[in-house]
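A quick write-up on the structure given underneath.
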Amino acid sequence: MDADNMSDLHEEGKNAINAPMLPTGTEIHPEDTLMEENAERIMLDPTSRENLKFKDLLKVLIDWINSELEEDRIIVKDLEEDCYDGQVLQKLFEKLSGRKLNVAEVTQSEIGQKQKLQTVLESVNEMLRPHGWTIEWSVDSIHSKNLVAIVYLLVALAMHFQAPIRLPEHVSAQVVVVKKREGILQTALVTKELTSTTEMMMGRFERDAFDTLLDHAPDKLNVVKTSLITFVNKHLNKLNLEVTELESQFADGVYLILLMGLLEDYFVPLFNFFLTPESFEQKVHNVAFAFELMQDGGLKKPKARPEDVVNLNLKSTLRVLYNLFTNYKNSE
């Protein structure tokens, strides 16, 4: 038996095992019976849609798109409904890549939408393919509102452009694959891995000094910490404040805000932040506000998320402080 037949047989065997166990709530649509021979349709399994990690991934991606496209007054609420026609994907790619695409602004017709998607996806694929990405999306899958394809595309863009977000780790989704073989519909449940570990996702493009430091030279970590503590105290001492521990003392954002005021020589009005934050949300507000002050001072948007600093993530806190150190180390 040749290898192709063998693999077909293996596939059919797998389908036969999986088919009777398709999750309840999965519908085989009447139009599936009209599918062309060897055609396939992929749907998200309803249980995956309710998975908390999957929902968290959707929220992180939606918040990221909205923050990137704020100036365009675009607000995304639902990835399937808001990304399928190519408009949001076009604006997002243009913003991230700094390239203007030659496409019609508004396209109502299906043909126009697919043409726009074609142009956008060709540019995306051209940029990602040399970096070894597997292209898990197509014009048809995006336009037919295939959520898994849309998420694959957005995760790839976020990782490639080093978005300042933290994607939840190890998110996978189960999809139902409906195929037509010799006139018979076959169904199988397949698991798709959408994200891996943060180290692997970021490591693909961003192994920085702190990764190396924490992984290979923990002894040198104390030297860096001491330098950073000396730097922040040189400024915070002016307000009779002192830091002894980097991990915890910046976690509520208060010292970060006061430090930015000292470095940039202005007074931060107390009504802009919580001086004694009590809830997680108030601390996140403070750190996010400190990040805004950093950007106002001409620094790049920190790669860490405010939540990471609040959650005492040492690497994130070090990155933020080291960025301040390299920019302001000569400030008096």
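For the pair residue 37 and residue 300, what calculated FRET efficiency results from E = 1/(1 + (r/R0)^6), where r is the Cβ-Cβ distance and R0 = 56 Å, to the nearest 0.05?
0.60
Hey, what did segment 18-202 get for relative contact order, percent, Cα under 8 Å, at least 6 apart?
Across segment 18-202, relative contact order equals 32 percent.
Based only on Cα atoms, what mean projected area does the convex hull of segment 206-325 have, in nm²? List each step's numbers first, then the result.
Values: hull surface 28.6 nm².
Over all viewing directions, segment 206-325 projects a mean Cα-hull area of 7.2 nm².
Under the Karplus relation 6.51 cos²θ - 1.76 cosθ + 1.60, θ = phi - 60°, what is the ordered set of whole-Hz ³J(HN,Hα) values for segment 240-252, x standing for Gly and Pro?
Here the 3J(HN,Hα) series is 6, 10, 9, 10, 10, 9, 5, 4, 9, 7, 9, 5, 9 Hz.
Over segment 73-197, consider all pairs of different Cα atoms and compute the Kirkwood hydrodynamic radius from their mean reciprocal separation; express it in Å, one decimal.
Over segment 73-197, the inverse of the mean reciprocal pair distance is 15.8 Å.
May I ask you to evaluate 6.51 cos²θ - 1.76 cosθ + 1.60, the Karplus curve with θ = phi - 60°, for each residue of segment 40-57 and list the ³J(HN,Hα) values in order in whole Hz, giving x for glycine and proline?
Couplings: 9, 10, 10, 10, 6, 5, x, 5, 5, 4, 8, 5, 5, 5, 5, 4, 5, 4 Hz.
Leaving out same-chain residues fewer than 8 places away, which lysines sit with a Cα under 26 Å from that of residue 91?
Answer for residue 91, where 26 Å is the Cα cut-off: 55, 59, 77, 100, 114, 116, 145, 300, 301, 303, listed by chain and number.
Between residue 51 and residue 265, how high is the FRET efficiency from 1/(1 + (r/R0)^6) when r is the Cβ-Cβ distance and R₀ = 41 Å? Nearest 0.05.
The calculated FRET efficiency here is 0.25.
Step through the residues of segment 148-163 one at a time and calculate ³J(HN,Hα) from phi using the Karplus curve (6.51 cos²θ - 1.76 cosθ + 1.60, θ = phi - 60°), rounding each to whole Hz and writing x for Gly and Pro.
So the Karplus estimates, Gly and Pro as x, are 5, 5, 4, 5, 3, 5, 5, 4, 4, 5, 4, 6, 5, 8, 6, 4 Hz.
Name the residues whose placed amide hydrogens come within less than 5 Å of the amide hydrogen of residue 172, ignoring near sequence neighbours (fewer than 5 apart) on the same chain.
Under 5 Å from the amide H of residue 172 lie the amide H atoms of 194, each far enough along the sequence or on another chain.
Can you work out the FRET efficiency for the pair residue 110 and residue 279, with r the C-beta to C-beta distance and R0 = 56 Å, to the nearest 0.05?
Result of the calculation: an efficiency of 0.75.
Among the lysines, which have Cα under 19 Å from the Cα of residue 238 when same-chain residues fewer than 8 positions away are ignored?
Correct list for residue 238: 329.
All of the numbers you see were taken from the coordinates with simple rules; none came from a lab. Since the structure is predicted, the reported quantities are computational estimates derived from the model, not experimental observations. All Cβ positions, glycine included, derive from the backbone under ideal geometry; neighbour counts span all protein chains shown.
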